[in-house]
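Have a look at the structure below, then the notes.
Values quoted throughout were computed directly from the atomic coordinates according to the rules given, and no laboratory measurement underlies them. Small disclaimer: the values here were computed from a predicted structure and weren't measured. FYI the Cβ positions are ideal-geometry reconstructions off the backbone, even for glycines, and counts take in every protein chain you see.
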Amino acid sequence: MSFLPTDEQRAFARSLDAMLSASDTPAVVRAWAGGDPGPGRVLWGRLAGAGVFALAVPEAYDGVGPLPVELAHAFVELGRHAVPGPVVETVAAAALLGELARLGEPGPAKRLLPGLASGEWTATLAIAGTESERHPVPYALDADRADAVLVVRGEELWRAPGHGPVEVSADPARRLARPAPGGERLAEGPAVAVAAGHARRLATLATAAQSLGVGRALLDRTVAYARQRTQFGTPIGAFQAVKHRLADTLLALEFAGPLVFGAAVTSAEGDVAAEGDVAAAKVAAGEAGYAAARTALQIHGAVGYTEELDLSLWLRKARPLRDAWGDPAACRAAVLGACS
């Protein structure tokens, strides 16, 4: 088993980085949070053209996947550039539909997967049981802007007819709503529950990779600020307390990276240990990204609170991503369960 990326994977990540660097993603995030999805949909088309969504779609349905390792590399870059929208949920929906087709239920895949791969469709996904038992159906991310709102309830897959009131999370670019009940039942039976578990694992892996990317972006920006901000005539990055805080943040991110890509490798190989590996990666990457946010806020001082500073776009993502698709407590429990 090798965790080292291939030349092709490195080139893919570099190409995404270059494309997103040229796309002014801070402006896209602000527009998305402010109620204008237009720039986000344009960026979505570019991501689809680069093959990001096709990585989760089987070849039989116009995709190139499933390729969890390449998806992990892609989502690190999406996190580094703070890309908004239901990107994780779309690849999770694609994984669910692809797995359903593999298990003998190809109908929904034929209808939806080609559009998801090409970027013509956006999707969001809610799987009952991912939140507290008080809420039988969890929130769906950006349900008001998704072309397909998919809901798994036990052994049934539904396409919801709409959604409830939209709520804003700690990150204004993450718009949450509960799917409306009813709609069209796309599939039912034990295969739905199996496919939902597969989709949840891929969503957890993609969110871990996204958290890793957010953490890396926060650390890069904080290091740059520590080099230019002076106090008593000296860059604050020269102070031991600042150095130690930055070093601790770097170590946490460097520790999380191999766990994320290791989990992607075991997922790609269909290893029975994949579930525990993905949960461990999510804990490490989520906590590291959140720690990077706290470090960034402390070192930037009061300026870190301002919405005008682009840093705030990453700061506000770290905590929601830490808890999305499995909070630390749930993921630690999954690791222990996989070890027992």
Give me the dipole magnitude in Debye, nearest 20, for segment 197-339 about the Cα centre, with unit charges on the beta carbon: positive for Lys and Arg, negative for Asp and Glu. 400
Virtual spin-label span in nm between Val42 and Ala247, 7 Å along Cα→Cβ: 4.5
Rounded to the nearest 500 deg cm²/dmol, what is the calculated helix-only ellipticity per residue at 222 nm for the chain, with -39500 (n - 2.57) per DSSP H run of length n ≥ 4? -19500 deg cm²/dmol
Quote to one decimal, in nm, the extra length available between Leu103 and Asp220 on full extension: 0.36 nm per residue of separation minus the C-alpha distance between them. 37.7 nm
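Arranged by the count of other C-beta atoms within 10 angstrom, fewest first, what order do Ile236, Ile127 take? Before the final figure, lay out each step's value.
Values: Ile236 18, Ile127 23.
Fewest-to-most Cβ neighbours within 10 Å comes out as Ile236, Ile127.
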Those lysines that a straight Cα-Cα span of less than 17 Å connects to Lys282, excepting residues fewer than 8 apart in one chain: Lys317
How many nm separate the modelled label positions at Ala273 and Ala170, each set 7 Å beyond the Cα in the direction of the Cβ? 3.2
Normalise the Debye intensity by I(0) for segment 197-339, one equal point scatterer per Cα, no solvent, then take log10 at q = 0.08, 0.09, 0.11, 0.14 Å⁻¹ and round to two decimals. -0.24, -0.30, -0.43, -0.64
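Is there a quick way to get the dipole size of segment 203-283? I mean about its Cα centre, with the Cβ of Lys and Arg at +1 and of Asp and Glu at -1; what is the value in debye to the nearest 20?
The dipole of segment 203-283 has a size of about 680 debye.
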Nearest 5 is fine: what % of DSSP beta bridges in the chain come out antiparallel, could you say? 70
Treating only Lys and Arg (+1) and Asp and Glu (-1) as charged, each at its beta carbon, one finds that the chain has a dipole about its Cα centre, in Debye to the nearest 20, of 880
Could you order the peptides 169-178, 239-248, 69-78, 30-39 from most to least packed, using the average number of other C-beta atoms within 10 Å per residue? 69-78, 169-178, 30-39, 239-248
Checked against the positive end of the charge dipole of segment 197-339 (+1 on Cβ of Lys and Arg, -1 on Cβ of Asp and Glu, about the Cα centre), the farthest of Ala281, Gly213, Gly304 is Gly304
What length, rounded to one decimal in nm, is gained on full extension from Gln231 through to Thr6, with 0.36 nm per residue of separation minus their alpha-carbon distance? 76.6 nm
Which whole-Hz ³J(HN,Hα) couplings does segment 46-58 yield from phi under the Karplus relation 6.51 cos²θ - 1.76 cosθ + 1.60, θ = phi - 60°, glycine and proline marked x? 5, 5, 5, x, 7, x, 4, 6, 5, 5, 9, 9, x
Residue by residue through segment 10-17, what is 3J(HN,Hα) from phi via Karplus (6.51 cos²θ - 1.76 cosθ + 1.60, θ = phi - 60°)? Round to whole Hz and write x for glycine and proline. 4, 5, 4, 4, 5, 5, 5, 4
Considering the values [x] 68, 44, 42; [y] 68, 50, 37; [z] 57, 44, 37, which represents Cα extents along the principal axes in Å as calculated for the structure under consideration? [x]
Order the peptides 12-24, 46-58 from the highest to the lowest mean number of other Cβ atoms within 10 Å of their residues. 46-58, 12-24
Can you give me the C-alpha center-to-center distance between segment 171-250 and segment 314-340, rounded to a whole angstrom? 11
Taking the dipole of the chain about the Cα centre (Lys, Arg +1; Asp, Glu -1; charges at Cβ), the one of Ala11, Val57, Gly38 that reaches farthest to the positive side is Gly38
Sum of side-chain charges, Trp44 neighbourhood, beta-carbon under 12 Å (Lys, Arg +1; Asp, Glu -1): 0
